[in-house]
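Remarks on the structure that follows.
The values are calculated or read from the model by the stated rules, or taken from the named source; none is laboratory data. These numbers come from a predicted model, not from an experiment. Note: ideal-geometry Cβ built from the backbone for every residue, glycine included; neighbour counts use all protein chains shown.
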Amino acid sequence: MSTVPLDLARRQFLNRMTTGLTGVALARLLGADLLGAPAPSPHFAPKAKQVLQIFCPGGASHLDLWDHKPLLEKFDGTPMPGGETEVTFQGKNGNLMKSPWPFAPAGRSGKMISTLLPHLAGHVDDMAFVHSMTSRTNTHGPGCIAMNTGFTREGFPSAGSWVSYGLGSLNENLPTFVAIQDLRGEPPNGKANWGNGFIPAQHQAVTLAAHQPLRNLARPAEISDTEETGTREFLRGINAEHAAAHPGNDELRARMAAYELAAKMQLTAPAVSDLSREPAHVHALYGTDDPNSLKAAYARNCLLARRLLEQGVRYVSLYCASRASAVDGLLNWDAHKTLRADYDRHGPIFDQPTAALLTDLKQRGLLADTLVLWCTEFGRMPTHQEGTAGRDHNPDAFTTWLMGAGVKGGVSHGATDDFGRRSVQEVATVYDFYATVLHLLGLDHEKLTYYHNGSNRRLTDVHGHVLERLLA
């Protein structure tokens, strides 16, 4: 018979029971976050389950890629009507300047596309173009994060983070959101383009690339499986106790989720990142062994993007180019001075690998569930900068396009004026763009909210309309 006083034994029992139930409750409450299980269901039946976002930093010129302007060719070398004294981001502008690359009809639709992109031209019948996009800034850093978050200031969640928060993961062994950086470096404003802002930290992207595998993933050889498993179990227990004592600590929750995910990724991620498993004809399709080292590196990133989508990564951001350098247009699409030389360099890097990725997704049936987006931060002027053969920034007109699940191919929304200077028909904003993206994912952009600083914040702020013409 126990010699412990009855009241003390009862207190010990209640204390231990409470501690135990706290751990059970914590595991139940945090389980979905820690294990990457799905969040609540979409608001309505989705057309798409995954997103591939291809981003070309530097303000890729709509007038030299996607937006054909016959009058720009006709009046090449003459003053732009009404713009003779216009001053833009880097100063005065000269006369109208036609594209150095002729446009040609492509696909069954006969869509006019720049001959700079012969491989991508083969996909125009599956693309839905937004030719009337506008930005609220003419500066690269704010422009990039505006296109990724809806805001020109840092500190707001990226679109991929919102989708992660709204829909959760499609797999238990890989991140929900991955950002694939170009070999040349991060885009303008860097990690703010894929950050979580004020929503829980586990929704930020994991960054990796074919040339930059996930660091610290392999277990040191001197540590046995048993030792690692025991250590992980011990950490899980003390983390759970600490989390119970500090409720609402998102950083701790994210750290715990990262540890759980890292353990699973030790087996999964190396296999997904191992491009040598792909047959030779796939590597040839993408151009992974191209003598142009920058093209080959981007091609390998494109192939990695397909492998991540194939394994159920919810949102993949793929970058083609990086932040600006001391030489305009060297590392990204910012062709202020030498448009032809710059785009003759960037076009081939971008064209074949991207077209191969779209072809591969289509052949494998992945476009049935994957929504593809092409983005840049703003467009370029139809004139040349005074004293140069390049184009200045133009936030008043640029092009984006969508393709894949739920998208009606071969259509265009909106238009710019005769010279491509301003969006004039069915003018679109980043809020409209992401209202449409979320709609295709089964999310109402007005209902996907997160309470922060007294407001229910949204990816689309207080704006946004679904671009119905783009929907299948």
Kindly indicate which of Thr226, Thr207, Thr231 is among the hydroxyl-bearing types (Ser, Thr, Tyr), at pLDDT 80 or above and exposed (fewer than 15 other Cβ atoms within 10 Å of the Cβ). Thr226
So the strands (runs of 3 or more DSSP E) completely within region 395-436 holding 3 or more residues that are within 23 Å of the chain's Cα centre (by Cα) are 398-404, 411-413
Scanning region 345-381 residue by residue, those out of contact with any strand residue (DSSP E or B) (no Cβ under 7 Å at 6 or more places or on another chain) and under 19 Å from Leu294 (Cα atoms) turn out to be Arg345, His346, Gly347, Pro348, Ile349, Phe350, Asp351, Gln352, Pro353, Ala355, Ala356, Leu357
Just checking, does region 226-241 include any residue being over 27 Å from Thr449 (Cβ atoms) and not in a helix (DSSP H, G or I)? no
Here the residues within region 290-333 that are closer than 19 Å to Leu358 by Cα and either assigned to a loop (DSSP other than H, G, I, E, B) or in contact with a Gly (Cβ under 7 Å, 6 or more places away or on another chain) (or both) are Asp290, Lys295, Ala296, Ala299, Gln311, Gly312, Val313, Arg314, Tyr315, Ser317, Cys320, Ala321
Set Ala321, Ala305, Ala335: member being touching a helix residue (DSSP H, G or I) at 6+ places or on another chain (Cβ under 9 Å), more than 30 Å from Gly365 (Cα to Cα), buried (at least 20 other Cβ atoms within 10 Å of the Cβ) and not acidic (Asp, Glu): Ala335
Restricting region 124-139 to residues that are farther than 20 Å from Gly464 by Cβ and surrounded by fewer than 23 Cβ atoms within 10 Å (Cβ to Cβ), the residue that is farthest from the chain's Cα centre (by Cα): Asp125
Can you name every residue in region 334-383 that is under 19 Å from the mean Cα position of the chain (by Cα), assigned to a loop (DSSP other than H, G, I, E, B) and closer than 30 Å to Asp418 by Cα? Thr376, Glu377, Phe378
Selection within region 55-72 - surrounded by 14 or more Cβ atoms within 10 Å (Cβ to Cβ) and either part of a loop (DSSP other than H, G, I, E, B) or out of contact with any strand residue (DSSP E or B) (no Cβ under 7 Å at 6 or more places or on another chain) (or both): Cys56, Pro57, Gly58, Gly59, Ala60, Ser61, Trp66, Asp67, His68, Lys69, Leu71
The listed residue being under 18 Å from Lys49 (Cα atoms), under 16 Å from the mean Cα position of the chain (by Cα) and not hydroxyl-bearing (Ser, Thr, Tyr), out of Ala179, Ala146: Ala179
